[in-house]
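Participant: The following block contains the structure, expressed as structure tokens.
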Amino acid sequence: MNDATFAHYPLFADLRGERCLVVGGGTVAARKAEALLAAGAAVTVVAPALGPALAARATAREIVHRPTGFAPSQLEGVLLVVAATDDAATNHAVARSARARAKLVNVVDDPDVSTCINPALVRRGPLTIAIGTGGASPVLARLVRARLEALLPQALGRLATLAARFRARVKCRFEALDARRRFWEKQLDDQSPVLRALEAGDEAAAERLLEAALAARRDTAPRGFVSLVGAGPGDPELLTLRALRTLQRADVVLYDRLVPAAILALARRDADFEDVGKVQGLKGSEQTAINARLVELARRGRHVVRLKGGDPFVFGRGGEELLALRAAGIDYEVVPGITAAVACAAAAGIPLTHRGLAQQVTFVTAHGEDAHADLDWPALARGRHTLAFYMGVGRVAQIRDGLLAHGRDPGTPAAIVERGTTPQQRVWLTTLEALPATVAARAVQAPAMILVGEVAALAAEPGGSGAVQPEAATPALERVA
């Protein structure tokens, strides 16, 4: 679950009363000094002359001004130094002196010689979000900040202040860490009545609601809960917001092999993770064992997320898990996900329905020993009908033969989408008759979606404006003769 290593360790420093040095007297130096003053630092500015903003602060005795050039002796007793002159040689001299004395140093726009950098900040009262790119792209950090500013309600700051006032009382009432966490998760949720009251400007009502929630606490064991969550087709950006919030509350995550590490990394960092993936032809977790494990964990009072690729109720056996939870009296919820047929078709630029080409679409599973015999082949073979086959790579010959035997045109377009929506996506456009040969010749590997129908001919060329392309991907579309 670990992320890749990063260049700068994120840290919030308490600078109240700490001596900090700013070298430079211009506009940039003024911005750095303002940020340090806002954090409560005692700021000294070294510069032969000051611009208007710093001069005003010096007159008001908010900063100490030393009207001279930089000297290493000025670093004595300083915790943090900022080099913000317009002379690179001076800035580098500050950095060398600071490093030699084990001082934190930030050289503006020069991360290579800095030991710390200033992130872009989003502030909501005591809630502070820092965004950094390791100095690679400050502009990108600012753009992300702008998005967060638009997304996060201003009331979050007042919510954080209110939570701080109640923190000691909640800790006394809930001795167990898990119990405290559950209480705060419920009260701080973005749909909580407390937050809604604060957004309406009624802080008194918010405080009364929090008081009532604390008074309603019962000394009972926590009640377990299971969330059946669809992880979507693989691209983390196609995960729903509700699925993301649910992952971040989970005590335990039971996940399938089709769920990528990038999505697992979005869960709570201290959650437990269990791989219960089943691979065709290999020994994996039996469904009955998974059902029993969900019930067992929930009865221990855990919040369990059963994380499945795609959607839990589209060939995901989520229905079996739901019935097992009902039979055991376990509370549960279902969080839908984008199913592979919809996502892979969109990523390849193929509409599942299209006027004049397809009036209906059918999702079909080709998995299982009896799948071929159980399918309604006459209905599937009708024209103007898009077929989306799940788990069909190993049974393409049966798919082709079943459709041809019941009258489907051998020249019907067919598309194979391997690892759809991911950077490894590959797309082949062929015909129904040539489908097995294409799978064999191109060594297609699961997971792959097979789309049969006239709409498959509309697949977009790589980079074409008609296709929804996965992030940082160059999906191949190969038209097979």
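The values are calculated or read from the model by the stated rules, or taken from the named source; none is laboratory data. Please read these numbers as outputs of a predicted model, since none were measured by experiment. Every residue, glycine among them, receives a Cβ derived from its backbone with ideal geometry; neighbour counts consider all protein chains shown.
Participant: Taking segment 400-415, which residues are in a loop (DSSP other than H, G, I, E, B) and under 12 Å from Gly453 (Cα atoms)?
Facilitator: Arg408, Asp409, Pro410, Gly411, Thr412
Participant: Go through segment 419-429 and report how many residues are surrounded by 23 or more Cβ atoms within 10 Å (Cβ to Cβ) and either under 19 Å from Glu454 (Cα atoms) or modelled with pLDDT of 95 or more (or both).
Facilitator: Residues flagged as surrounded by 23 or more Cβ atoms within 10 Å (Cβ to Cβ) and either under 19 Å from Glu454 (Cα atoms) or modelled with pLDDT of 95 or more (or both) within segment 419-429 amount to 2.
Participant: Does Leu387 satisfy the condition of being outside any loop (DSSP other than H, G, I, E, B) and buried (at least 20 other Cβ atoms within 10 Å of the Cβ)?
Facilitator: So Leu387 fits the description; yes.
Participant: So which residues in segment 124-139 are surrounded by 14 or more Cβ atoms within 10 Å (Cβ to Cβ) and out of contact with any strand residue (DSSP E or B) (no Cβ under 8 Å at 6 or more places or on another chain), if there are any at all?
Facilitator: Once the filter is applied, which keeps residues that are surrounded by 14 or more Cβ atoms within 10 Å (Cβ to Cβ) and out of contact with any strand residue (DSSP E or B) (no Cβ under 8 Å at 6 or more places or on another chain), segment 124-139 yields Arg124, Gly125, Leu127, Thr133, Gly135.
Participant: For segment 291-318, how many residues meet the condition of being in contact with a Pro (Cβ under 8 Å, 6 or more places away or on another chain) and outside any loop (DSSP other than H, G, I, E, B)?
Facilitator: Within segment 291-318, residues that are in contact with a Pro (Cβ under 8 Å, 6 or more places away or on another chain) and outside any loop (DSSP other than H, G, I, E, B) number 3.
Results for (1) farther than 30 Å from Val194 by Cβ; (2) among the hydroxyl-bearing types (Ser, Thr, Tyr); (3) at pLDDT below 90, shown as yes or no for each residue.
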| position | (1), (2), (3) |
| --- | --- |
| Asp235 | yes, no, no |
| Leu244 | no, no, no |
| Ala271 | no, no, no |
| Lys278 | yes, no, yes |
| Ala298 | no, no, no |
| Val305 | no, no, no |
| Glu321 | yes, no, no |
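Participant: Would you confirm, using the coordinates I've provided, whether Ala397 is surrounded by fewer than 19 Cβ atoms within 10 Å (Cβ to Cβ), without any contact (Cβ under 8 Å) to a residue 60 or more places away in the chain and in contact with a Pro (Cβ under 8 Å, 6 or more places away or on another chain)?
Facilitator: Here the answer is yes, as Ala397 does meet what is asked.
Participant: Hey, which of the strands (runs of 3 or more DSSP E) in segment 52-132, taking only ones fully inside, have at least 1 residues that are charged (D, E, K, R)?
Facilitator: By residue number, 64-66, 120-124.
Participant: For the condition exposed (fewer than 15 other Cβ atoms within 10 Å of the Cβ) and either touching a Gly at 6+ places or on another chain (Cβ under 9 Å) or modelled with pLDDT of 95 or more (or both), what is the one hit in Asp374, Asp370?
Facilitator: Just one listed residue meets the conditions, Asp374.
Participant: Another question, if that's okay. Just give me the residues in segment 191-205 being in contact (Cβ under 8 Å) with a residue 24 or more places away in the chain and either under 30 Å from the mean Cα position of the chain (by Cα) or at positive phi (or both), in sequence order.
Facilitator: Val194, Leu195, Leu198, Glu199 - these are the residues of segment 191-205 that are in contact (Cβ under 8 Å) with a residue 24 or more places away in the chain and either under 30 Å from the mean Cα position of the chain (by Cα) or at positive phi (or both).
Participant: Of (1) under 30 Å from Gly309 (Cα atoms); (2) outside the structural domain of Arg306 (by TED's automatic domain parsing), Gly232 satisfies all except one. Which?
Facilitator: (2)
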